[in-house]
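First the structure, in the form of structure tokens, and then the observations on it.
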Amino acid sequence: MKKVAIILADGFEEIEAITVIDILRRAEIKAVSVGLNKKIVNGTHGIEVKADMILDDLNVDEFDMIVLPGGLPGAEYLAKSEKLAEILKKFNDKNLKIAAICAAPWALSTAKVLKNSYTCYPGFEQKVNHKGYTDKKNVVIDENIITSKGPATAMEFALNLVKVLLGDDKFNALKTELLYK
């Protein structure tokens with residue numbers, strides 16, 4: 001069974017985090033919520049989530065992918081976390097999948113794991129400060145890095161994570177089940 005870590009920092013975007021967790025679990029992927037520095041994490045709109053574990057306990061060798069939801073100030077906490085940057089570099093060195101949505105590509109930039117092409121929340125590319133930004137697609141896949149624009153693209157982003165991990169058949173079956181066009 002594939003295993004994915006979804007990193008939650010105070011101020012995470014709830015739609016992006018919960019949609020990813022839900023879609024991955026529907027696909028029978030073990031989606032593990034990971035608090036950046038504590039188990040009880042508050043979303044940017046006041047929704048409190050109890051994470052399955054904290055980042056200090058994450059073992060890179062047990063996971064196939066790491067996902068960073070956006071939201072503010074959550075994305076800033078992700079971008080400024082040295083521990084997370086180390087983990088992102090380990091994922092990248094092992095060519096494991098790294099995904100970020102909305103403002104969270106900022107953390108990929110500070111960890112220096114972004115490749116040639118990415119997307120993020122429109123206007124936030126200035127904060128990400130990495131060449132290769134595109135607004136032409138809702139989801140951009142560049143080697144082992146997957147990025148997306150924001151809350152409205154969360155379902156498409158999550159389904160693409162399923163496609164990357166499990167292939168077209170599971171992706172198409174889940175799209176049909178969810179009535180996704």
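Structural remarks
- Filter result for Ala104 (open to solvent by less than 10 Å² (accessible area, probe 1.4 Å), modelled with pLDDT of 95 or more and aliphatic (A, V, I, L, M)): yes
- Test: residue in the range 44-55 that is of a type in the set (Gly, Ala, Ser) and in a helix (DSSP H, G or I): no
- Residues that are surrounded by fewer than 14 Cβ atoms within 10 Å (Cβ to Cβ), of a type in the set (D, E, K, R) and more than 16 Å from Val113 (Cα to Cα), drawn from the range 53-85: Asp56, Asp57, Asp61, Glu62
- The set of residues from the range 1-42 being open to solvent by 70 Å² or more (accessible area, probe 1.4 Å) and under 13 Å from Ile101 (Cβ atoms) comprises Ile15, Ile18.
- Between Phe157, Phe171, the distinction of being farther than 20 Å from Asp10 by Cα and either among the small types (Gly, Ala, Ser) or open to solvent by less than 20 Å² (accessible area, probe 1.4 Å) (or both) belongs to Phe157 only.
- When we screen Lys50, Lys97, Lys89 for residues that are touching a Leu at 6+ places or on another chain (Cβ under 8 Å), open to solvent by 10 Å² or more (accessible area, probe 1.4 Å) and either under 20 Å from Pro122 (Cα atoms) or not β-branched (Val, Ile, Thr) (or both), the only hit is Lys97.
The values are calculated or read from the model by the stated rules, or taken from the named source; none is laboratory data. Worth saying up front: this structure is predicted, and the values here are computed from it rather than measured. Don't worry about glycine lacking a Cβ; one is built from the backbone with ideal geometry, like all the others, and counts go over all protein chains shown. Heavy atoms of the whole protein, side chains included, go into the accessibility calculation; ligands, DNA and RNA do not. Shrake-Rupley method; radii C 1.70, N 1.55, O 1.52, S 1.80 Å.
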